[in-house]
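The values are calculated or read from the model by the stated rules, or taken from the named source; none is laboratory data. For clarity, every value in this text was computed on a predicted model and none was experimentally measured. Please note: Cβ atoms are built from the backbone with ideal geometry, for glycine as well, and neighbour counts cover all protein chains shown.
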């Protein structure tokens, strides 16, 4: 289907791809992995035709339909969400909008003289549109938008009024309805909530298109891909299996490489000792020269290189009182919509609450109420004694000074802390070496998230309120954060769309969507749309309800 053959690509002095080769077959689902900055997105740009290799060949069949989701929504305005999505379906989208324009022109009295020509063009466009299945495209677009979390009013609303994250969902919908032969997906789960991630996972499992994707969601990769391709020092190395298989196979290959390296080093030392011992013995001169030539011809092996991300050993926070937060009769409205109406919740020391809920259920609103960023319209939110609260949200990234470096941002907060401790912290959050001298203005979203989390956890509060803390983090950094927070002795209230994060940390579940009839029957409870408290872990919540996200069955 698509291929790279001995491709080389560099940016300035950085060599990203070295004789890299890749084959993507029809209907194959492949994940592309590698450290940040290794060149994964470059591989997608080469296959999409957005860039040319320095050398080598990019093979794309002449009639292949390729749809590319990238981390740039572009300029969207002047259309409804639905129209913007339909516009992405190639010739079918063009016909859809041409028919709409012709209908408007035929209804315009000022263009009555053109009516005959307009009718002829309209009939031709309508015939092509019908033949290509155009009258099903709107239903298909609405189905995809619904799966990605859009309400019907949002679908018909102005796309220009959406936030950046929602525009990214529109871009995703454009790609999914394109009926392409190949889908190139660059971090498709980044801007989705858990409900939409599970829906997309199921959609990709069913699609007949070949898929090549970059993704930092372990569960998503495990359920969608059948092969992993890793970018390793400029080469593309294939692993036949899901992400868990890739991790196991990496360990096996590293052990084999280490064993081969140790054997070769032992052989080299033996040969070198022979040469040193007999280099002045005339009787052994021929043997010495033979062994010298043998060593010159040997291609020396390298020891395996493994990127290790270790948790930072942060100091434990001071102990809080037993009562951490208490919400009594809380009401919160946005216009006519009541997000909370007489809501009660009690959070005790040491509990780790994950907040679940369908789109618009009020997850972020709850965290803002607890963190004091919003005031309730009614009721009360009371925090306990001896409490030090730390609040992380995507808006916190905007509080970083773009003119400061990574080091200056941390050093300003903790000027008296030792240099080595601060370097260790930044290293744990993937700012090694000269990366600490990067200015905040050039950092990616993931790098800014890592910096804010590093600053927060250096002197940790005893009550962490985290809104999507794993957004934009790669798999290794997510695992480091999980390992770090496992040892946290304070209290947590968080929203996350990463199932590995939820499984590892959540000891209580708050489902703001309530319990619809199907889930209620499975749980042996009565249906309700009011928030439901599960005083057990996320793992047990999934087992009990059969859902990984509210309303979405496994």
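One table, with the values for the structure above:
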item	result
Checking residue 399 against (1) within 28 Å of residue 320 (Cα to Cα); (2) within 32 Å of the chain's Cα centre (by Cα); (3) surrounded by 14 or more Cβ atoms within 10 Å (Cβ to Cβ), the condition it does not meet	(3)
Any pair with Cβ under 7 angstrom, 6 or more apart, that starts in the stretch 253-269 at a residue that is over 16 Å from residue 232 (Cα atoms) and ends at one that is surrounded by 13 or more Cβ atoms within 10 Å (Cβ to Cβ) and at pLDDT 90 or above	none
Yes/no for residue 79 being surrounded by 13 or more Cβ atoms within 10 Å (Cβ to Cβ) and free of Cβ contacts under 8 Å to residues at least 60 places away in the same chain	no
Residue in the stretch 255-269 that is part of a helix (DSSP H, G or I), under 30 Å from the mean Cα position of the chain (by Cα) and farther than 30 Å from residue 170 by Cβ present	yes
Residue match in the stretch 222-230 (condition: over 16 Å from the mean Cα position of the chain (by Cα), in contact (Cβ under 8 Å) with a residue 24 or more places away in the chain, in a loop (DSSP other than H, G, I, E, B) and in the same structural domain as residue 101 (by TED's automatic domain parsing))	no
Residues (under 17 Å from residue 347 (Cβ atoms) and under 17 Å from the mean Cα position of the chain (by Cα)) located in the stretch 481-495	495
Lone unmet requirement of (1) farther than 21 Å from residue 474 by Cα; (2) buried (at least 19 other Cβ atoms within 10 Å of the Cβ); (3) modelled with pLDDT of 90 or more for residue 178	(3)
Test: residue 159 is surrounded by 23 or more Cβ atoms within 10 Å (Cβ to Cβ), farther than 18 Å from residue 41 by Cβ and touching a residue at least 60 places away in the same chain (Cβ under 8 Å)	no
The stretch 1-36, residues that are outside any strand (DSSP E or B), surrounded by fewer than 18 Cβ atoms within 10 Å (Cβ to Cβ) and touching a residue at least 12 places away in the same chain (Cβ under 8 Å)	25, 26, 27, 28, 35, 36
Residue 49 being surrounded by 13 or more Cβ atoms within 10 Å (Cβ to Cβ) and on the phi > 0 side of the Ramachandran plot	no
The stretch 37-66, residues that are in contact with a strand residue (DSSP E or B) (Cβ under 7 Å, 6 or more places away or on another chain) and part of a loop (DSSP other than H, G, I, E, B)	38, 39, 53, 54, 60, 64
Index of the failed condition, residue 431 passing every other in (1) buried (at least 21 other Cβ atoms within 10 Å of the Cβ); (2) touching a strand residue (DSSP E or B) at 6+ places or on another chain (Cβ under 8 Å); (3) free of Cβ contacts under 8 Å to residues at least 40 places away in the same chain	(2)
Hits in the stretch 402-434 (condition: in a loop (DSSP other than H, G, I, E, B) and under 28 Å from the mean Cα position of the chain (by Cα))	402, 403, 404, 429, 430, 431, 432
Near pairs, Cβ below 6 angstrom, 6+ apart or cross-chain, from the stretch 532-554 (over 17 Å from residue 494 (Cβ atoms) and outside the structural domain of residue 504 (by TED's automatic domain parsing)) to any residue that is at pLDDT 90 or above and in a loop (DSSP other than H, G, I, E, B)	none
Residue 144 being closer than 30 Å to residue 360 by Cβ, surrounded by 19 or more Cβ atoms within 10 Å (Cβ to Cβ) and in contact with a strand residue (DSSP E or B) (Cβ under 9 Å, 6 or more places away or on another chain)	no
From 457, 475, 410, 425, residue being at pLDDT below 90, at negative phi and buried (at least 21 other Cβ atoms within 10 Å of the Cβ)	457
Residue check for residue 73: in a loop (DSSP other than H, G, I, E, B) and either modelled with pLDDT of 85 or more or loosely packed, with under 13 Cβ neighbours inside 10 Å (or both)	no
